[in-house]
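Visitor: Please find one structure pasted underneath; my questions will follow.
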Amino acid sequence: MHSGFSALRSSLPMNLRTEGRRTAIWSAAQADIDRITEIWRECLGTWKGPWLFGRTPTVADAMYAPVVARFHSYAVQPDPVCAAYCAHVWVWPDLAEWVAAARLEPEQIDELEVEF
């Protein structure tokens with residue numbers, strides 16, 4: 001995930017301060033969404049969830065947590081199976097802790113606002 005799905009990452013940048021923001025989803029980003037949800041459905045169907053590979057979260061779930069966050073931020077509405085997975089990941093204590101910490105960070109970091 002960290003280097004794939006570039007259209008999704010470009011079109012729906014990480015923003016943990018927003019929820020349900022409606023935005024246009026371009027075709028390349030939609031193709032990434034379709035591929036991700038296909039992977040999720042395959043894993044959940046094979047391993048019977050609630051996590052991608054069964055009853056315990058794995059690194060795969062951690063790698064897809066930023067996608068779940070993007071879906072949450074930009075009101076992406078996946079099919080019911082993937083929506084249930086997203087809801088499960090969204091309340092995962094590890095992700096909740098990460099989101100809470102991110103929301104405490106300053107919106108602007110002065111030393112990064114250097115003009116070139």
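Since every read-out is calculated from the coordinates, none of them should be taken as a lab result. Here the structure is a predicted model, which is why all the values come from computation and not from measurement. Here the Cβ positions follow ideal geometry from the backbone for every residue, glycine too, while neighbour counts run over all protein chains shown.
Visitor: Every residue in the stretch 14-30 that is out of contact with any helix residue (DSSP H, G or I) (no Cβ under 7 Å at 6 or more places or on another chain) and either in contact (Cβ under 8 Å) with a residue 24 or more places away in the chain or aliphatic (A, V, I, L, M) (or both), please.
Guide: We begin by selecting, within the stretch 14-30, every residue out of contact with any helix residue (DSSP H, G or I) (no Cβ under 7 Å at 6 or more places or on another chain); these are 20, 22-24, 27, 30.
Across the stretch 14-30, the qualifying residues are 20, 22, 23, 24.
Visitor: Can you tell me which residue in the stretch 54-77 is nearest to the chain's Cα centre (by Cα), limited to those that are of a type in the set (A, V, I, L, M, F, W, C) and more than 13 Å from residue 88 (Cβ to Cβ)? Steps first, answer last, please.
Guide: Keep residues of the stretch 54-77 that are of a type in the set (A, V, I, L, M, F, W, C), which gives 59-60, 62-63, 65, 67-69, 71, 75-76.
Applying the additional criterion that residues be more than 13 Å from residue 88 (Cβ to Cβ) yields 59-60, 62-63, 67, 69, 75-76.
Details: 59: 14, 60: 12, 62: 10, 63: 9, 67: 2, 69: 4, 75: 11, 76: 10 Å.
Taking the candidates together, the pick is 67.
Visitor: I'd like to know if the stretch 40-54 contains one or more residues that are out of contact with any Cys (no Cβ under 7 Å at 6 or more places or on another chain), among the aliphatic types (A, V, I, L, M), free of Cβ contacts under 8 Å to residues at least 40 places away in the same chain and under 14 Å from residue 82 (Cα atoms).
Guide: Residues of the stretch 40-54 out of contact with any Cys (no Cβ under 7 Å at 6 or more places or on another chain): 42-51, 54.
Still in the running and among the aliphatic types (A, V, I, L, M): 44.
So of that shortlist, the ones also free of Cβ contacts under 8 Å to residues at least 40 places away in the same chain come out as none.
Looking through the stretch 40-54, none of the residues is out of contact with any Cys (no Cβ under 7 Å at 6 or more places or on another chain), among the aliphatic types (A, V, I, L, M), free of Cβ contacts under 8 Å to residues at least 40 places away in the same chain and under 14 Å from residue 82 (Cα atoms).
Visitor: Here are some residues: 76, 89. Which one is closer than 25 Å to residue 36 by Cβ, free of Cβ contacts under 8 Å to residues at least 60 places away in the same chain and in contact with a helix residue (DSSP H, G or I) (Cβ under 8 Å, 6 or more places away or on another chain)? Lay out the reasoning, then the answer.
Guide: Numbers: 76 fails: free of Cβ contacts under 8 Å to residues at least 60 places away in the same chain.
Being closer than 25 Å to residue 36 by Cβ, free of Cβ contacts under 8 Å to residues at least 60 places away in the same chain and in contact with a helix residue (DSSP H, G or I) (Cβ under 8 Å, 6 or more places away or on another chain) holds for just one of 76, 89, which is 89.
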